[in-house]
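All remarks here apply to the structure that follows.
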């Protein structure tokens, strides 16, 4: 006959007092109670899992009105915390009032919310893990007393190239849709603000066009035009040296080399022709005033040449007395070889010498030119009206050519900065967005800690309820069995007493 053995693992709770009863709890009873209350636990867990996020969404609704975006800067100098013009870069310019205003105006939204929007935007730099690990390592070694590492740590700094922007629009009065539109448009408008701030060519165009040549005498107007063309050519040559792509504008069709050649042509052909005509024919509005102006310019240039000459002499003396580093190499059985090593300081001295020589030469040429003009004015009579009208016509034509070339230069430079030099300088990596899925994620993230605590508490209550119920049930059962056992023993004793009595 087959038998089935059941094993019951029991927990015995024994009281220290001898007169107290022992209570035995079986795991089988606990498991039965867990099964019995399983449905209640699941229902409670589901209800709490729904109520906690809903309550979080209701009571912390403003905290979920948050938009985020990620922007990046990529140009030479940003890794040092510098702007494209090598000044200190201020990332807070992203939320400049003019940028926000441009966004609101484009979306046709009221400007009253501008300041609240600006205050609701926070900007945080994103530092890569490797940079954090490097800085942390130096700090740890420094704290251990390694001064060399401490010096390295002082030299170790990190300027973010990516920034995370957060916009909590709860106090802005904007709806979720409008908040996304404003935030996104603001980031796009900042691109225009960025190029306008660091395009470099705006100031040149304004300065050149602000001059009115007609208020000067004819020879002075030539100097004004010459100065303008010199600035333009220097500007264009600087861009040409920076440009490694040989950029050609799709709008104007010019390269910077083309522009430099065009400016040079205006200087050496058009301007020189007008200048020589004025000098040869003694064309002037006021002869005596012009002579006084030339004499003043000669005196000024002579003082400037004297300063430049002194500077040149100082540089030459520094070069003569400069001690370069000398390296001596000894070989086996050979005479020692001596090598002179160059240095950055020595190279800088030669650069300064060349600059000083060019300055002295330029001042001398200008002095000679003005002296020739003075001599011509003193030795000849004034020009006829026909020659004056010709000069005025030629100057007007030259002025038109210069302004046209200036516009072409500005257009070409703008396109170069926006498409090449600063083409990837600012970009929006992650645009702002708002969706039901994103809001739900934010609600769950914010309520997760409370939800986990509530679910853990329910689980503990579930287990304790099963344990206590099993304890109570087994205690009652043990007590009932003990009472029944006592009755059986008493009945047995009575039967034995009756039996003894009958035998007697």
| query | Under a plain spin-label model, where a point goes 7 Å from the Cα along Cα-to-Cβ, how far apart in nm are residue 355 and residue 427? | reply | 3.7 nm
| Between residue 170 and residue 285, what FRET efficiency comes out of the Förster formula 1/(1 + (r/R0)^6) with R0 = 60 Å and r the beta carbon distance, rounded to 0.05? | 0.30
| task | Starting with the fewest neighbours, write out 159, 194 ranked by other beta-carbon atoms found within 10 Å of each beta-carbon. | result | 159, 194
| said: Just want the ordering: 304, 115, from fewest to most Cβ atoms lying within 10 Å of their own Cβ. | reply: 115, 304
| query | Cα atoms only, the stretch 377-437: Rg and Dmax in Å? | reply | 26.3, 90
| Quick one: if you stick a label point 7 Å off each Cα along the C-beta vector at residue 251 and residue 481, how many nm between them? | 9.7 nm
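Using the number of other C-beta atoms within 10 angstrom as an exposure proxy, rank 464, 448, 232, 186 with the fewest first.
464, 448, 232, 186
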| query | For the stretch 241-288, taking Cα atoms only, what is the radius of gyration to one decimal and the Dmax to the nearest whole Å? | reply | 17.3, 52
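Laboratory data are not the source of any read-out in this text; all were calculated from the coordinates shown. Since we're looking at a predicted model, the values are computed, not measured. Neighbour counts run over all protein chains shown; Cβ positions are idealised from the backbone, glycine included.
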